[in-house]
Amino acid sequence: MTQANDQLREKRVELILQQLEDLPTLPAVAIRVLEATSSDDSSAADVVRLITSDPSLTTRILQLVHRADVGVRGQVTSVERAVSLLGFEAVRSAVLAVSVFQTFAEESPNKTGHFSREEFWKHSVAVACCCELLAAQNKGCGVDPAEAFVCGLLHDLGKVALDAVLPKSFDRVVEAADLLRGNIADLERTVIGLDHMVVGKRLAERWQLPLTVRDSIWLHGQLPEALPATVKNPRLLNLVTLADLIVREQHLGYSGNYTFPVSKNVLMDVVGLTGEQVLMVQQGLVEQIEPRAQALGLGQTSSSELYQQALAQANKELGRVSGQLASKNRKLAVRARFFDALSGFQSVLRPDAPPQTVLSAIGQTAITVLDVRSACAFSLAPGQTFAEALLFDQTGEVFQSALVDCPPPASGEEAAGVYSLKIPAATESPIVPVGDDLEWLVSAISPRLTHDQRYWIALEAEGECIGGVIWGGPAGEAQRLSPQIQELSAIAGGWSLALRTAQIRDEARTLAEQLAEANRQLHNAQNEILRSRTMIMVGEMAAGAAHEMNNPLAIISGRSQLLAAQLSDPKQQTAAKLIYEQSHRLSEMISELMDFARPQPPRPKSVSVRELVDRAMELAKTRSDPADRTIERTIQEVPLVRVDADQVTAALVEVIDNAIQATDGSQGRLTIQAAFDPYSGRVVLTIADNGCGMDEHTVRHAFDPFFSFKPAGRRRGMGLARASRWIESNGGSIRLESRRDEGTRTLILLPTVEAATDQQAARKIAP
């Protein structure tokens, strides 16, 4: 059943991805320029003639030519001069960057929400400029700066595509990302079902963008060692990841990703850059962004926007007319000869065409060769529990698509738990009447087909039925088509081969995407397992040490008390008392170790977040005087949480006490906020201060037992470790965000009453 749900989810994701077909294609002029610059037979004059045919593209190329690495002196006013200075590779990259930006630059003036395309493009242009500067700093790394610029500009292409096809859902993702301050890709998979990397990869495949651009869109942000071996240029991909990290650190534009899972030092090592080189790039980055943004058209006037809209509309209309003409030409060729139809069917398919495209081509060809007014083409991959069906009218256009669940498998079915459609008995004609074994599908589509009787042609591969074509016709339909039996058999074989190839390719692509996602989850799981194992080892060590030290400390404490009572010399009495006090202090530390190693099981109950915060504030004030620090509390109407109030309060006291200790007595500022995240079903409690902050090393080890950045003897280093232990034992999580001299933000997620109840029910059901 789980496999069936996964398959259905994958198909629903495919239906979402199909909406990408409604997005504009690249401008025709840009496509011809890209073809010309990649052809050995093209001359500079050919490229110049294509660019000058588009005034907007001409303007952008002339603006982009003024770059420090080209060595331009004075004003370049001709395209010939620009092409000569830049070269074919740089012109190709510039045209691709300008064309893609113009395709998605427009945004509805009436749109309201959390996602701003202008801020998004600022981030993209900043990453592009950073990539170019990093590549220029290390000319021996084999990365072309112009190619790096394009990869950086388009690395987050999937985000703006999601905003274009699913604006409401994507806006909810952005809102949740800003609240939780996590990775926007994780929220995309939760809310939408897939992330922007997969969407951008599919759109890049549809536009047939270069392979390096596709890899940068799909795999940026991955650890260097987790990249697939098939990546064409891993150093370029790591450079894009490094540039994205640098830009997000400097808060340039909007990315939606607040996490930094890959270390900057690791990326610098694999790319081959030093800290001084990266610092030079950071210092010169801002001044590089503004001219590039203006050249690309960020912040265009209204007249330019109208021109872009008119151009996009013209391209769309031209594409529609061209599609109609191509369809009519294919129909004429099919009616002239069946094998010409098979050739036309194969010619319209790209090498990487998905099953939906193949089904569409099958249906269009079937309408022509069968000479019917409507037909249905369906795909049923082996092991799949549902069929995907497309219905076509007499023009070859799709007027309905559906996912139809297969019936439960009959007893004795070879594929346990999976329905298998039987192939019709061998006959001279591939056309057979629809029988009872196909009634489950016909009943879902039959009202949209003509006539009362139903016929079909089965598509098979390796002895299994993988799909078919269904249509309605009068009695004697097989006799009407009997003169073309051989031709129909041949074209059915071509349909079967193309459909099965697409199904296998689709399965492989899905597995590749699942593998990439599994790599991300494996990395996170490994870190969590390592942390859990470390905590267990520390707990066992603490319990053993406490057990062994208790008896000697008891003897030292008792004997020192007796010694102090027997001594008459004041100095010796003082020394004996000091021994007693220090042994008592050690005993307290051992008690803390025991509490950490073997904490009391939580006793959860329903409690309000406001009550927890108020109680924690009062207790924290008894430990550290807040003096004149400003403390703000913003507690929204959030659901009750189900936790052990004492343990969670103690954890909050440790966090608040750390915040008070880290801030200045007169200018310190603490903010405590609580909000509800409906997607995770948890309450998000944020405690932020403007204190001294922590460096990266301190943040990574803040929850380790006995770790403290305070001088030795000031703190025991158990506060945050115990806080983490208490929060996690109550089904919550805790995370730190901090930068030196910029303060610290602590995010605590607590389960609501409803979420805690669901978790308990799941544990009871689990074996």
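We did not get these values from a lab; they are worked out from the coordinates using the rules stated. Here the structure is a predicted model, which means the values were calculated and not measured. All Cβ positions, glycine included, derive from the backbone under ideal geometry; neighbour counts span all protein chains shown.
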Once you have the Cα-Cα distance between Glu581 and His523, take 0.36 nm times their residue separation minus that, and quote the gain in nm to one decimal.
16.2 nm
With a ≥ b ≥ c from the Cα gyration tensor eigenvalues, square-rooted, and the rule rounded for a/c under 1.5, otherwise prolate when a/b > b/c and oblate otherwise, the range 605-765 is prolate
Virtual paramagnetic centre 7 Å along Cα→Cβ of Leu640, amide N under 14 Å, in the range 598-619
604-612
Determine the alpha carbon to alpha carbon distance for each of Lys168/Lys201; Lys139/Lys264; Lys168/Lys232; Lys168/Lys264; Lys139/Lys232; Lys122/Lys264 and list only those over 25 Å.
Lys168/Lys232; Lys168/Lys264
Remind me, what semi-axes does the range 337-598 give for its equivalent ellipsoid, largest first in whole Å, using sqrt of 5 times each Cα gyration tensor eigenvalue?
82, 18, 14
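Which of the peptides 490-500, 735-745 is most tightly packed, and how do the rest follow, going by the mean number of other Cβ atoms within 10 Å of each residue?
Details: 490-500: 20.3, 735-745: 17.1.
Highest-to-lowest ranking by the protection proxy: 490-500, 735-745.
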Using a basic spin-label model with each label point 7 Å from the Cα along Cα→Cβ, how many nm lie between Ile485 and Gln572?
12.2 nm
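Going by average Cβ neighbours within 10 Å, how do the peptides 482-488, 392-398 rank, with the highest at the top?
Values: 482-488: 14.4, 392-398: 16.9.
Order by mean packing, descending: 392-398, 482-488.
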Using alpha-carbon positions, what is the distance between the centroids of the range 619-657 and the range 191-218, in Å?
44 Å
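So between Glu588 and Thr395, what do we pick up on full extension, going 0.36 nm a residue minus the alpha carbon distance? Let's see the in-between values first.
On the way: separation 193, 0.36 × 193 = 69.48 nm, distance 8.49 nm.
Roughly 61.0 nm would be gained on extension.
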